[in-house]
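The next block holds one structure in the form of structure tokens; read it before the comments.
The values are calculated or read from the model by the stated rules, or taken from the named source; none is laboratory data. Small disclaimer: the values here were computed from a predicted structure and weren't measured. Don't worry about glycine lacking a Cβ; one is built from the backbone with ideal geometry, like all the others, and counts go over all protein chains shown.
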Amino acid sequence: MTTATGFDDALEEEQMIFGYLDPGSGSMILQVVIGGAAGIAVAAKALRQKYQLRRGKYPLPDGEEPAESIEDTSLPSES
Amino acid sequence: MLSPDPGSFRDPASRVVLDGPRVLRLLDLRGLEAWRALARTDFFTSAVADRRLIETAESNDVPPGSAGALEHPRLPFISYPYEWTFAMLKDAALLQLDLLRDALSAGVTIKDATPYNIQFVEGRPMFIDIGSFEAYQPGEPWMGYRQFTRQFLFPLMLRSWIGVPFQPWLRGAMEGPTPAQMAQLLGSRKRFHMGALLHVRLQARVEARMAGRSVRDGLKTAGFSAQLIQANVRKLRSLVASLEWAHGDDGWSDYGSCEHVARDRAAKGEFLKSAIERTHPRRVLDLGANDGHFSGIAAAAGADVIAVDYDEAVLDDLYRRSEGSSLAVVLTDLANPSPAQGWAGTERSSVADRAHPDLVIAYGLIHHLIYHASIPPREVVRWLRTFDCQVVVEFVSPADEMVGKLIGNKRAHELHPNRDEADFRGLVEEVFDILDETNLSSGTRALFALRPR
């Protein structure tokens, strides 16, 4: 879950990084799949992160709840 | 006086402006940084030398409000993907992928993937949007993947796999089909094809499921890399290369072997050469160019030629033969030519607004407009006058064999009046002076060289 403010911040940051083009979240995830062998390690790590987050292996900042799926698996140290 | 190019505004880091005959690209700080990262690479030098990338030099004329300015050569003619043939879009797609592959090896990426960033110069695709390049940030996915599929891959699949021309779709919806739309269009075709499964069906499903969610950090920490993008590009390149369109002799592919065409071709060529000697045109617009025979005569005389036709098969062949020539191929139906459209109705200009000819060739054309498209003869003559330059035109009388075919099931009263030669001459003399004329051996066709009054 993200707060409204957090969501706005994330959007702002995303626009700054990604520029004017909306790459599509699903299409970005898909790139891991179509990469074939090259994507296996990335997919495995993403799934492991998702699993570890669900098990509570990473301490989360105050007020932040665990991510629910692969798309929110950024490490707390980088958020 | 700087005038912004109406088709260049989406990227805030980089915008093209015209300064008289000069083409400048104005950059903000981020755009300037991206340009300098690109300019340092061997990739940039070699891609410019190979004419895969447009020549670019940093300019000292930096207007207030910009961090930097680049200068490009002005291209003879700008065309849009909905005016390209299958082979043109395919060549452009392969160039896009090859440039991304090579750029990534040099630590640079291309942040979008639209065919509007590619133009055809001397019959070959050239990437013209230097502002699309920026330093690759480790962990970032390929931002242009979705756009590539919508604007290159799906249109090529439409033609190659479904047999449907992509141009009407790209003209009507310039962003191209969405993955969900493409999945609908494919139906049960290519059910077991890996390219259809991944890029169309799976992308449509994942896109629906992930809409509005943020994935960037997750991909980065999971180790997304340039090598993964390059693996994707390799696979996509192989898929694009496998897409073919085998057009037969349908439409007007066989036009050159028609009896009346072969008989009159030499005389029409000589008549055109006389007009060229009279006008010394820098730019010639060949309307109804077909196999490009007369375009070739104008190009051999040193003119830039825009060859327009509505038959994709003949233009596809002409494009494949045009490498190294000053000939630009434009696929459009002259009874419904490319309009001005896009944002504010000015982002993409009409084909007429881009043409600026010094001489128009209208051989084998106006009887199609009059008898097939039901355009009144007076409208056709007035339309030729709008180009505001000399015109060589072939008049075909109602008694001509081809006119009989074009009339088909129409009855005489369903045709517009003023169709015979005397009528045509009268209509022409309202707005043109007749400089030269000759009858062709068929006896039912005549050529006129016209100068605007």
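Data for the structure
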| read-out | value |
| --- | --- |
| Single residue of A:67, A:43, A:38 found to be more than 7 Å from chain B (Cβ to nearest Cβ) and either modelled with pLDDT of 75 or more or assigned to a helix (DSSP H, G or I) (or both) | A:43 |
| Count - residues of the stretch B:184-193 that are more than 16 Å from residue B:156 (Cβ to Cβ) and either touching a residue at least 12 places away in the same chain (Cβ under 8 Å) or not aromatic (Phe, Trp, Tyr) (or both) | 4 |
| Within the stretch B:196-244, tally of residues that are in a helix (DSSP H, G or I), more than 7 Å from every other protein chain (Cβ to nearest Cβ) and of a type in the set (Asp, Glu) | 0 |
| Odd one out for residue B:116, checked against (1) away from every other protein chain (no Cβ under 14 Å); (2) within 14 Å of the chain's Cα centre (by Cα) | (1) |
| Residues located in the stretch B:134-164, provided they are more than 12 Å from chain A (Cβ to nearest Cβ) and over 16 Å from residue B:200 (Cα atoms) | B:135, B:136, B:138, B:163, B:164 |
| Some residue of the stretch B:370-384 being among the small types (Gly, Ala, Ser), more than 21 Å from residue B:292 (Cα to Cα), at pLDDT below 95 and out of contact with any Asp or Glu (no Cβ under 9 Å at 6 or more places or on another chain) | no |
| Hits in the stretch B:143-182 (condition: β-branched (Val, Ile, Thr) and surrounded by fewer than 21 Cβ atoms within 10 Å (Cβ to Cβ)) | B:162, B:164, B:178 |
| The stretch A:32-47 residues that are among the hydroxyl-bearing types (Ser, Thr, Tyr), paired with ones that are at pLDDT 75 or above (beta carbon under 7 Å, 6 or more apart) | none |
| Which listed residue, of B:140, B:83, B:122, B:134, is surrounded by fewer than 20 Cβ atoms within 10 Å (Cβ to Cβ) and of a type in the set (Asp, Glu) | B:122 |
| Selection within the stretch B:374-404 - touching a helix residue (DSSP H, G or I) at 6+ places or on another chain (Cβ under 9 Å) and either loosely packed, with under 15 Cβ neighbours inside 10 Å or among the charged types (D, E, K, R) (or both) | B:374, B:378, B:379, B:382, B:385, B:386, B:394, B:400, B:401 |
| Options B:113, B:135; residue that is closer than 17 Å to residue B:89 by Cα and in contact with a Gly (Cβ under 9 Å, 6 or more places away or on another chain) | B:113 |
| Total residues in the stretch B:427-453, condition part of a helix (DSSP H, G or I) and surrounded by 14 or more Cβ atoms within 10 Å (Cβ to Cβ) | 3 |
| Residue in the stretch B:253-264 that is in a helix (DSSP H, G or I), at pLDDT 95 or above and either closer than 30 Å to residue B:402 by Cα or of a type in the set (Lys, Arg) (or both) present | no |
| Unique match (being in contact (Cβ under 8 Å) with a residue 24 or more places away in the chain and crowded, with 16+ Cβ neighbours inside 10 Å) among B:26, B:2 | B:26 |
| Output for the stretch B:29-59, where each listed residue is within 14 Å of chain A (Cβ to nearest Cβ) and either in contact with a Cys (Cβ under 8 Å, 6 or more places away or on another chain) or more than 20 Å from residue B:114 (Cβ to Cβ) (or both) | B:29, B:33 |
| Answer residue from the stretch B:31-64, given it is in a loop (DSSP other than H, G, I, E, B) and in contact with a helix residue (DSSP H, G or I) (Cβ under 9 Å, 6 or more places away or on another chain) and is surrounded by the most Cβ atoms within 10 Å (Cβ to Cβ) among those | B:54 |
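Residues are listed down the side, and each one gets a yes or a no for (1) at pLDDT below 95; (2) crowded, with 22+ Cβ neighbours inside 10 Å:
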residue: B:12; (1), (2): yes, no
residue: B:70; (1), (2): no, yes
residue: B:73; (1), (2): no, no
residue: B:87; (1), (2): no, no
